[in-house]
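Let me begin by presenting the structure, written as structure tokens, before commenting on it.
The values are calculated or read from the model by the stated rules, or taken from the named source; none is laboratory data. Treat the numbers as computed from the prediction; the structure is a model and nothing was measured. Backbone-built Cβ (ideal geometry, glycine too); neighbour counts: all protein chains shown.
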Amino acid sequence: MKKLLAFALAGSMAATLFTGCSSAASQPESKGELNLFTWMGMFPDEVLKGFEEETGITVNYSNFDTDETMLQKLIQAEGGSYDLIIADDYIIQTAIEQGLVAELDKSKLSNLGNVNPIYQGQFFDPEDAYTVPYGAGVQTIVYDPNTVNVEINGYADLWDAALQDNLAIIGNYRVINGMALKVMGESYNTTDVATIQAAGEKLLELAPNIRLIKDENLQDDLLSGEVGAAVMYTSQVTLAKLANPDLKVVFPEEGIGLGIMAQFIPAKAPNADAAYQFIDYILQPEIAKQCFEHLGYYCTNQAADELIEEEYREFLTLPEGFSADATEMIAPISAEAEEAHVQVWTEFKNACGQ
């Protein structure tokens, strides 16, 4: 999942680059510490301060730039040093396989039932033995009905000739190649090379509609009118909708792909009890609401969904009655299938002049 955190503004960034999120003068007597390791800007300052004030536990927040950096540091620490880590699904699977993640003692998580089951039981932790979800990225279409002359209900509509030179997409080849696969009724995660190649042929038909392929700040091109429709990262959708509430958000009728960020406790965490307290604290619906409105990713706490402010709800929560059958995680695939995807993507970008 591309990390373009929606609310990592200067103040939020500063709030997460500290050791202990409250001043010594305002802190109660210390009752331990929590070494939290994740990306920058993952929590609002008031949530971290609230945890410290309620528990007396000092939060030591450090951040990494990529999942691979996190894994390397965790390997070097032999599963120690950190108490709680939040990272992406695929890298957590690797950490679990290498014995770097502790199995959860769920008796210490009284609020665990608040997690939305749509985000549980996934490939990286099928028994939910090691992780607790914290935010999901949903592959979303957004368009401006004032500048687009076609109603968009799914991926297939992006091939409409009315969108010629008016569509922007992110540069994630598994997501974009996956759109063609879903239009064909296939899985994002097929390993059949012939099917992936057929999706590539389908994707070439989309090339005339593509104006931009880029990852950074794609929401700005939609807001400026450079394009009328876009397939964007969740955090970009959040920024776009906050700036222009008239934009339409589409959950593709073919089904959506998603990625999950999750929390886990390292195998040799020095302060595991503090990690459990923090997980349980942010699983409270009122606290989760604050977290997801700050984060700009989909709320994985079903008890918090109804608390999300209306201005955020359309793009931070799944529609009422949404079925898990309509979702599919984009999971690791075979090397041969991955190579086919790369070839398809290269040919598509060339056809788009990108």
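Within the range 114-123, the presence of a residue that is in a loop (DSSP other than H, G, I, E, B) and more than 30 Å from R313 (Cβ to Cβ) is excluded.
Quick grid of which residues meet (1) in a loop (DSSP other than H, G, I, E, B); (2) of a type in the set (D, E); (3) at pLDDT below 95; (4) within 15 Å of T140 (Cβ to Cβ):
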residue: A156; (1), (2), (3), (4): no, no, no, no
residue: G171; (1), (2), (3), (4): yes, no, yes, no
residue: L212; (1), (2), (3), (4): no, no, no, no
residue: D221; (1), (2), (3), (4): no, yes, no, no
residue: P252; (1), (2), (3), (4): yes, no, yes, yes
residue: K268; (1), (2), (3), (4): yes, no, no, no
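Residues that are among the aliphatic types (A, V, I, L, M) and in the same structural domain as P117 (by TED's automatic domain parsing) number at least 2 in the following helices (runs of 4 or more DSSP H) confined to the range 280-354: 285-295.
Among the residues of the range 173-205, those that are closer than 22 Å to V237 by Cα and touching a strand residue (DSSP E or B) at 6+ places or on another chain (Cβ under 9 Å) comprise R174, V175, I176, G178, M179, K182, Y188.
Please tell me if Q139 is closer than 20 Å to G255 by Cβ, surrounded by 13 or more Cβ atoms within 10 Å (Cβ to Cβ) and out of contact with any Phe, Trp or Tyr (no Cβ under 7 Å at 6 or more places or on another chain). Considered against the rule, which asks whether it is closer than 20 Å to G255 by Cβ, surrounded by 13 or more Cβ atoms within 10 Å (Cβ to Cβ) and out of contact with any Phe, Trp or Tyr (no Cβ under 7 Å at 6 or more places or on another chain), Q139 comes out as yes. Under 6 Å by Cβ, and 6 or more places apart or on different chains, what pairs join a residue from the range 321-342 that is within 25 Å of Q120 (Cα to Cα) with one that is crowded, with 17+ Cβ neighbours inside 10 Å and of a type in the set (S, T, N, Q)? Hits for this filter: M329/Q122; A331/N189; I333/N189. When each of N172, N149, N177, N153 is tested for being without any contact (Cβ under 8 Å) to a residue 40 or more places away in the chain and closer than 30 Å to F348 by Cβ, the lone residue that passes is N149. Please indicate, with yes or no, whether at least one residue in the range 202-212 is in the same structural domain as E336 (by TED's automatic domain parsing), out of contact with any Gly (no Cβ under 9 Å at 6 or more places or on another chain) and of a type in the set (D, E). There is at least one residue in the range 202-212 that is in the same structural domain as E336 (by TED's automatic domain parsing), out of contact with any Gly (no Cβ under 9 Å at 6 or more places or on another chain) and of a type in the set (D, E).
When Q164 is tested against (1) surrounded by fewer than 17 Cβ atoms within 10 Å (Cβ to Cβ); (2) at pLDDT below 95; (3) over 18 Å from A326 (Cα atoms), just one condition goes unmet, and that condition is (2). Just one of the listed residues (D88, D128) is charged (D, E, K, R), touching a residue at least 60 places away in the same chain (Cβ under 8 Å) and closer than 20 Å to M329 by Cα, namely D88. Consider the range 171-186 and keep the residues that are buried (at least 18 other Cβ atoms within 10 Å of the Cβ) and either out of contact with any helix residue (DSSP H, G or I) (no Cβ under 6 Å at 6 or more places or on another chain) or among the polar types (S, T, N, Q) (or both). The one that is farthest from Q354 (Cα to Cα) is G178.
Residue-wise test of (1) in contact with a Gly (Cβ under 9 Å, 6 or more places away or on another chain); (2) not hydroxyl-bearing (S, T, Y).
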position	(1), (2)
N116	no, yes
Q122	no, yes
E127	yes, yes
P133	no, yes
Y143	yes, no
E151	no, yes
A156	no, yes
D160	no, yes
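Checked against the criterion of being more than 23 Å from D128 (Cβ to Cβ), touching a residue at least 60 places away in the same chain (Cβ under 8 Å) and of a type outside the set (K, R), the candidates P285, P266, P270 yield just one match: P270. Of the helices (runs of 4 or more DSSP H) lying entirely inside the range 1-78, those carrying at least 1 residues that are modelled with pLDDT of 95 or more are 45-55, 67-76.
For the range 207-227, the candidate set comprises residues that are farther than 24 Å from T300 by Cβ and touching a helix residue (DSSP H, G or I) at 6+ places or on another chain (Cβ under 7 Å); within that set, the residue that is surrounded by the fewest Cβ atoms within 10 Å (Cβ to Cβ) is A207.
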